[in-house]
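A short reminder: the numbers here are calculations on the coordinates, not readings from a lab. Quick caveat, the model's predicted, so the values are computed rather than measured. In this analysis, Cβ positions are derived from the backbone assuming ideal geometry, glycine residues included, and neighbour counts consider all displayed protein chains.
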Amino acid sequence: MSNAGLAPLNTTTIVVFGLFMILTLSITLWAMRRTRTKEDFFVAGRSVTAGQNGLALAGDFMGAATLLGVVGLVSLRGFDGLIYAVGGLVGWPILVMLIAEPMRRIGRFTLADVVSARLEQRPIRLAISITTLLLVPCYLIAQLIGAGGLIRLIFGLDDNTAIVTVGVIMVVYVLFGGMIATTWVQIIKAVLLLMAGACLAVLVLTRYGFDPIGPFREASARYGDAILAPGAMISSPWEGLSLAMGLMFGLIGLPHVVMRFFTVPDARAARNSVFYATIWIGLFLLVTFVLGYGCLAIVGREAVAKADPSGNMATLILASEIGGPIMLGFVGAVTFATILALVAGLTLSASASVAHDLWNGVICRGSASERGQIAVARVTVLILCAVAVTLAITLRQQNVIFLTGLTFAIAASANFPALVLALFWRGLTTAGAAISILFGAVATLVLIYGSPSIQVDVLKSPQDVWFPLRNPGLVSIPASFLVAIIVSWCQRARETVPTRAGPHAADLVERDGSPA
């Protein structure tokens with residue numbers, strides 16, 4: 001493999017990255033002048049069109065974990081790496097058919113607005129704030145780790161410096177531009193990422209006379225037919241089903257994805273934005289198929305593992321091999337832009353949850369001023385950035401797509417069941433929702449700790465594995481639904497039993513204020 005494109009301080013990268021930074025910082029200054037109210041800061045004044053929001057949603061999905069992690073996993077493990085890409089996309093039609101429109105009609109700023117719409121506000125907001133503060137740092141860590149490897153490979157800086165740099169730029173975007181700046185940065189990043197992926201795919205196919213089967217055929221000839229079949233990572237059908245459930249339902253429970261549905265003016269625009277996002281994401285995933293096997297065929301598994309044992313740099317090594325320094329510079333700059341845009345959206349969702357749900361809804365009981373909530377949100381951004389940067393430096397040897405899978409598992413088990421039941425089951429009670437959310441988060445963390453993902457891959461203690469599945473979704477998601485239903489039934493049964501001095505059961509009203 002040619003190493004010319006791997007030299008530090010690639011000129012093309014610096015130029016493209018500099019142009020991106022100038023453009024996005026200009027957008028941030030423009031957005032700062034338009035960000036006057038809490039609605040402007042958190043949901044861009046609900047002025048984003050369906051087409052714009054579709055690109056921004058696609059940008060949320062198409063992060064560094066997708067471009068770097070999926071291609072890296074395919075390069076190291078073959079077919080199973082594609083499951084991480086496809087699994088998340090399956091959740092989008094569910095969003096279209098089931099929850100996009102009702103979420104937009106009910107919610108104002110956050111996931112907690114939707115779940116607590118007809119329940120007691122404070123317990124629900126507290127529970128979802130806790131899960132959000134678990135989810136967002138995990139996802140942020142995955143993105144920051146990708147940034148560290150990227151900058152090490154292209155700019156010649158060490159991982160720690162790169163991670164801190166991304167953290168600082170992220171703070172600037174969110175503190176000053178809010179959701180308006182974050183949305184436009186996501187749109188620009190999505191367009192650039194689609195262009196970069198398409199250019200790489202064309203260059204790969206050029207080597208095979210534009211035969212779409214060419215990369216797969218050569219990878220199979222080089223590493224055997226097993227590279228085209230599942231089994232390298234997914235050891236059983238149960239493991240595959242559990243992973244798919246975590247990815248599919250976790251996407252719907254991610255706070256920064258839910259927030260996107262509140263930036264559009266109405267429910268119809270929310271539905272249409274998911275339709276547009278699905279088209280862009282589907283096209284991008286087709287590109288990752290070609291790039292993953294193209295990297296196996298052209299670069300080789302050994303070269304990918306030598307550059308980075310986790311495989312995160314496979315896309316960039318492929319860009320250097322087939323396009324030289326210019327393509328490496330362009331893809332590297334676009335990937336870095338991708339990380340900056342996504343971490344800004346993630347950070348904003350966490351700050352909104354703390355300011356709107358925890359500070360205003362729980363601590364101040366709805367009496368906090370808009371200025372106070374924005375101030376709390378900005379302090380949250382600073383604290384979250386410091387925590388995420390510290391953890392990313394500590395865990396930088398982990399594959400970014402693996403960390404993303406863990407994030408999706410928590411979202412699927414903690415947030416998704418409560419969200420679906422709140423929208424479609426009037427029997428859900430406050431206690432049922434809150435306990436289900438907390439149970440789902442704790443159960444996921446406990447099961448992940450006892451799984452091979454932690455005991456074998458991280459702690460190197462295979463003898464301590466007591467939960468066989470690497471992703472706990474198959475167990476934790478149904479368990480969370482069951483907990484919500486059982487607790488709600490028990491609460492309703494207790495509240496509708498007439499006491500000696502009390503009224504008839506038919507005259508009772510639930511304590512949370514909704515009709516019995």
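Helix 267-298 axis versus longest C-alpha principal axis of the chain: approximately 30°, rounded to the nearest ten. Tell me, how many Å apart are the Cα centres for the range 239-278 and for the range 156-223? That distance is 21 Å. Highest mean first, the peptides 462-471, 382-391 sorted by other C-beta atoms within 10 Å per residue fall in the order 382-391, 462-471. When you count the other C-beta atoms within 10 angstrom of each residue and take the mean per peptide, 20-30, 304-314, 265-275, 328-338 line up highest first as 328-338, 304-314, 265-275, 20-30.
In the range 4-393, taking the dipole from charged Cβ atoms about the Cα centre, the farthest positive-side position among Val90, Val354, Val185 is held by Val354.
Translational diffusion of the range 343-391 was estimated from the Stokes-Einstein equation, with Rh taken as the Kirkwood radius over Cα pairs; at 10 °C and 1.306 mPa s the coefficient is 147 µm²/s.
The angle between the Cα long axis of helix 11-34 and the longest principal axis of the Cα atoms of the chain comes to about 20 degrees, rounded to the nearest 10.
Each other residue within a Cβ distance under 15 Å of Gln186 adds +1 if Lys or Arg and -1 if Asp or Glu, for a net charge of +1.
Taking the Cα atoms only, what angle lies between the long axis of helix 473-495 and the longest principal axis of the chain, rounded to 10 degrees? Helix 473-495 sits at roughly 10 degrees to that axis. Using only side-chain charges placed at the Cβ, +1 for Lys and Arg and -1 for Asp and Glu, the dipole size of the chain relative to its Cα centre rounds to 1000 debye.
Rounded to the nearest Hz, the phi-derived 3J(HN,Hα) couplings of the range 138-144 under the Karplus curve 6.51 cos²θ - 1.76 cosθ + 1.60 (θ = phi - 60°) are 4, 5, 4, 4, 4, 5, 5, where x marks glycine and proline. For Lys38, the lysines whose Cα comes closer than 27 Å to its Cα, not counting residues fewer than 8 places off in the same chain, are Lys189. Each Cα pair under 8 Å and six or more residues apart adds its separation to the average, and for the chain the resulting relative contact order is 30 percent.
Distance from the Cα centroid of the range 458-497 to that of the range 281-331 is 39 Å (rounded to whole angstrom). Each other residue within a Cβ distance under 15 Å of Met170 adds +1 if Lys or Arg and -1 if Asp or Glu, for a net charge of +1. Electrostatic bookkeeping for Ala44 treats Lys and Arg as +1 and Asp and Glu as -1; over the other residues with beta carbon under 15 Å from its beta carbon, the sum is +4. Based on the reciprocal of the average 1/r between different C-alpha atoms, the Kirkwood radius for the range 172-324 equals 18.3 Å.
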